[in-house]
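Presented below is the structure to which this report refers.
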Amino acid sequence: MIPKFMKKVGILVGREKTFPEALIRNINERGYGSVVAEYITLGGVRYDAPPQYDLVVDRISHEVPFYRATLKRLALEGAYIINNPFWWSADDKFFNYSLAHKLGVAIPKTVLLPQKDYIKGIVSESLRNLEFPLNWQAIIDYVGLPAFMKPFDGGGWKNVSKVNSLAELIAEYDQTGTLCMTLQESIEFDQFVRCYCIGQEEVMIMPYDPRKAYLSGEQYLVDPNYLAPELKARVVHDVRTLCSALGYDINTVEFAIKGGVPYAIDFMNPAPDAELQSVGEFYHRWVTDAVTNLVFKRLSERRERPRYRWDALLNPEPRRVEAVASASEQATRTVTPKRTAAKKPSGKSRAKEAK
C-alpha cells in the first residue's frame, strides 16, 4: 500500500535508455521513499480515471498523439507536466522566430512557405487566399542563398535541406508534400553552441558541431572557455529570455555565432537529446542532476492550478459584483463631491500589437 504522503513521478519515454534510467535512479535515491519515480504504463485510458501521478516528465508525446492526449488528461487531474502539453501542442518554430525577434534576440532572416501539397478534400477553391504562383525570386532576395529549408514544426534535423540556388530550392520544395516549411538564412558560423536550459534558469552551454555525424563522439566538446566572457553572458541571457517567454521547463537553444553575434536558429526542443553515448558523460550527468533538482523543486512549490478556459468553468472563482445601494439608501445618502483638478487630455493610446 502506497503511503498517502508519497509523491509519484512518471517518466514517459521513447527509445532513449540511459537518461530516463539515470533520472529514475536519481529521483528514487534522493526521495528516500517519499518521492518515487517510475516508467508510466498506459493502455486504454478512462476519461474518469483517478489521479496517478503528481508530476510527469514527458520525452515522447510530440511523436505519439495518444500520449499527448493522455498528458492533457493528467493535467486536468492536477498533475504537473514537464513540459506543458497544451502549449507544446500549440507552439511552432516560425512563431518562435517571430517572438524572439520582438524580444531582441538575433534571428536569421526567415520566411514561412505555403505547403506544396494538401490532404484529400483541399482543392483549389479551398486556397483562394494563397498567392499563386509564389514570388520565389523575392523570397530568396530577402533570405539570401545558401539557405536552409526546414519544417516549421519539427526536430532532430528531419526534412532539413540546404539549398544553394533557386533551382535547388524549388526542387527540394517539390519533395516536401504536406509539410509546412520555412526558408531560413544560412549563417556561415564561426562557432556553434547548443544550450540546455532547465527550469527556465539553469543553463549549460555546450560547444557543438552539427556537421559531425550523430553518435560519432565528435559533436560535443567540453570547454568552459569556448566563448569569450561577454559573448557567453549574452548567450545565457538570450537562452533564459527565450525559455522564460515560452514557458518550457526543459529545452535546448541552438546558436550559430558569426562575427560575435549569436543567432538563435532553433529553440523548440522540449525533449532534447541527453543520451550518454550522444552527449558524453559530462553533459549527461549535468542534465540528469539538473532535471532531478527541477522535479523536486516543482513538487515542493506551492502553486495554483493553471487557469485554462475549461479550468475556469470547472473551478469558478467567486463573482465579483459591485455593491449597489438600494433605492431607499440612495435616497437618504448625502454625497458631497470632492473638488478635483481638471485632467489634461491624454495623448492617443498606442494600439496593442496582435500576437
Residue identified as at pLDDT 95 or above, part of a helix (DSSP H, G or I), buried (at least 18 other Cβ atoms within 10 Å of the Cβ) and out of contact with any strand residue (DSSP E or B) (no Cβ under 6 Å at 6 or more places or on another chain) among Asp289, Asp238:
Asp238
Any residue in region 19-42 that's more than 16 Å from Val291 (Cα to Cα) and free of Cβ contacts under 8 Å to residues at least 12 places away in the same chain: show its pairings with residues that are polar (S, T, N, Q) and assigned to a helix (DSSP H, G or I) at Cβ separation under 9 Å, as long as the two are six or more apart or on different chains.
none
Qualifying positions in region 246-265 - open to solvent by 20 Å² or more (accessible area, probe 1.4 Å) and either in contact with an Asp or Glu (Cβ under 6 Å, 6 or more places away or on another chain) or acidic (Asp, Glu) (or both):
Lys258, Ile265
So Asn84 ticks every box in (1) modelled with pLDDT of 95 or more; (2) in contact with an Asp or Glu (Cβ under 9 Å, 6 or more places away or on another chain); (3) under 21 Å from Phe19 (Cα atoms) but one. Which box is left unticked?
(1)
Count, please, the residues in region 153-203 that happen to be among the small types (Gly, Ala, Ser) and either in a strand (DSSP E or B) or more than 19 Å from Trp88 (Cα to Cα) (or both).
6
List pairs: first residue in region 81-101 and without any contact (Cβ under 8 Å) to a residue 24 or more places away in the chain, second residue open to solvent by less than 50 Å² (accessible area, probe 1.4 Å) and of a type in the set (D, E, K, R) anywhere in the structure, Cβ distance under 8 angstrom, at least six positions apart or on different chains.
Ser89/Arg68
What are the residues in region 149-168 that are in contact (Cβ under 8 Å) with a residue 24 or more places away in the chain and either open to solvent by 50 Å² or more (accessible area, probe 1.4 Å) or in contact with a Leu (Cβ under 7 Å, 6 or more places away or on another chain) (or both), if any?
Met149, Pro151, Phe152, Asp153, Trp157, Lys162, Leu166
Can you find a residue that is modelled with pLDDT of 95 or more, of a type in the set (Val, Ile, Thr) and either open to solvent by 10 Å² or more (accessible area, probe 1.4 Å) or under 24 Å from Trp87 (Cβ atoms) (or both) anywhere in region 268-285?
no
Qualifying positions in region 170-213 - closer than 21 Å to Gly280 by Cβ, open to solvent by 20 Å² or more (accessible area, probe 1.4 Å), within 23 Å of the chain's Cα centre (by Cα) and not hydrophobic (A, V, I, L, M, F, W, C):
Arg194, Glu202, Asp209, Pro210
Yes or no: region 100-111 includes at least one residue that is in a strand (DSSP E or B), of a type in the set (Val, Ile, Thr) and more than 26 Å from Val291 (Cα to Cα).
yes
Is it the case, given these coordinates, that Asp117 is in contact with a Ser or Thr (Cβ under 9 Å, 6 or more places away or on another chain) and either surrounded by fewer than 18 Cβ atoms within 10 Å (Cβ to Cβ) or at negative phi (or both)?
yes
Qualifying residue in region 32-55 (condition: at pLDDT 95 or above, under 23 Å from Phe267 (Cα atoms) and hydrophobic (A, V, I, L, M, F, W, C)):
no
The conditions are (1) under 30 Å from Leu183 (Cα atoms); (2) in a strand (DSSP E or B), and Trp87 fails exactly one of them. Which is it?
(2)
Show the residue pairs that are 6+ apart or on different chains and have beta-carbon atoms under 7 Å apart, the first residue being within region 114-135 and within 13 Å of Gly177 (Cβ to Cβ), the second being open to solvent by 70 Å² or more (accessible area, probe 1.4 Å) and assigned to a loop (DSSP other than H, G, I, E, B).
Pro114/Leu130; Gln115/Thr178; Asp117/Thr178; Tyr118/Thr178; Ile119/Thr178
Any chance Leu74 is at pLDDT 90 or above and closer than 30 Å to Gln52 by Cα
yes
For region 9-16, state whether one or more residues are open to solvent by 70 Å² or more (accessible area, probe 1.4 Å), in a helix (DSSP H, G or I) and without any contact (Cβ under 8 Å) to a residue 40 or more places away in the chain.
no
Tally of residues being under 16 Å from Phe5 (Cα atoms) and either in contact with a helix residue (DSSP H, G or I) (Cβ under 6 Å, 6 or more places away or on another chain) or in a strand (DSSP E or B) (or both) across region 28-41:
3
Name every residue in region 224-246 that is more than 16 Å from Ile257 (Cα to Cα) and either charged (D, E, K, R) or more than 25 Å from the chain's Cα centre (by Cα) (or both), in order of residue number.
Pro224, Arg240
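The values are calculated or read from the model by the stated rules, or taken from the named source; none is laboratory data. This is a predicted model, so every value here is computed, not measured. Glycine gets a Cβ as well: all are built from the backbone with ideal geometry, and neighbour counts include every protein chain shown. Calculation scope for accessible area: heavy atoms of the full protein, side chains included, ligands and nucleic acids excluded. Shrake-Rupley method; radii C 1.70, N 1.55, O 1.52, S 1.80 Å.
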